[in-house]
Amino acid sequence: MAVILVGAAAMLLKAAGPVALGGRDLPGRAGWLVGAVAPALLGALVVTNTVGDGQSLVLDARVLGVGAAAVCIALRAPLLGAVVVAAGVTALARAVG
C-alpha cells in the first residue's frame, strides 16, 4: 500500500508542473533555472559516485576514468568514445594498482 501511495504521489508531483502551466512558457528567470537544474544534478551525481564511498571521500581509479572522459569531451570526441576511453583507463588503473 505504501509503494502505491508513494508512486501515486510521485506521479502527481511530476504532472503538477505541466498541468499548471498549460503549455505556456516559463518566465525568463524560471526558465533559466529549470534549464540549469539538469546539468547541476548530473554533475553532482558524477562527483558523488566518483569520489564518494559511504561517509568518506576516496580517490581511486574512478577519478582517472572521469578525468580521461573529461579530456575526451574537451577534445570534442564522440560521447561513446569518451565512455570507452574512461572505462579503459579505469580498468587499466585498477589492474596496475
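Determine ³J(HN,Hα), in whole Hz, for all residues of region 41-51 in sequence, where each value follows from phi through the Karplus function 6.51 cos²θ - 1.76 cosθ + 1.60 and θ = phi - 60°; x replaces Gly and Pro.
5, 4, x, 5, 5, 5, 5, 5, 7, 7, 10
Listed highest first by mean packing, meaning other Cβ atoms within 10 Å per residue, what order do 29-35, 79-85 come in?
Top to bottom by mean Cβ count within 10 Å: 79-85, 29-35.
Ranked from highest to lowest mean number of other Cβ atoms within 10 Å per residue, what is the order of the peptides 7-15, 66-74?
Going by the mean number of other Cβ atoms within 10 Å, highest first, we get 66-74, 7-15.
Hey, what did the chain get for relative contact order, percent, Cα under 8 Å, at least 6 apart?
18 percent
Two decimals is fine: what is log10 I(q)/I(0) at q = 0.13, 0.20 Å⁻¹ for the chain, from a Debye sum with one equal scatterer on every Cα and no solvent?
-0.75, -0.98
Assign one of three labels to region 1-54, namely rounded, prolate or oblate, based on the Cα gyration tensor with a ≥ b ≥ c the square roots of its eigenvalues; rounded applies when a/c is under 1.5, prolate when it is not and a/b is larger than b/c, and oblate otherwise.
oblate
If packing is taken as the average number of other Cβ atoms within 10 Å across a peptide's residues, how do 37-44, 89-96, 48-55 rank, most packed first?
Listed from highest to lowest mean packing, they are 89-96, 48-55, 37-44.
Quick note: the coordinates plus some simple rules give every number you see, no bench work behind them. Bear in mind that the values here come from a model prediction, so they are computed numbers and not experimental data. Methodologically, a virtual Cβ is constructed for each residue, glycine included, from the backbone with ideal geometry; neighbour enumeration extends over all protein chains shown.
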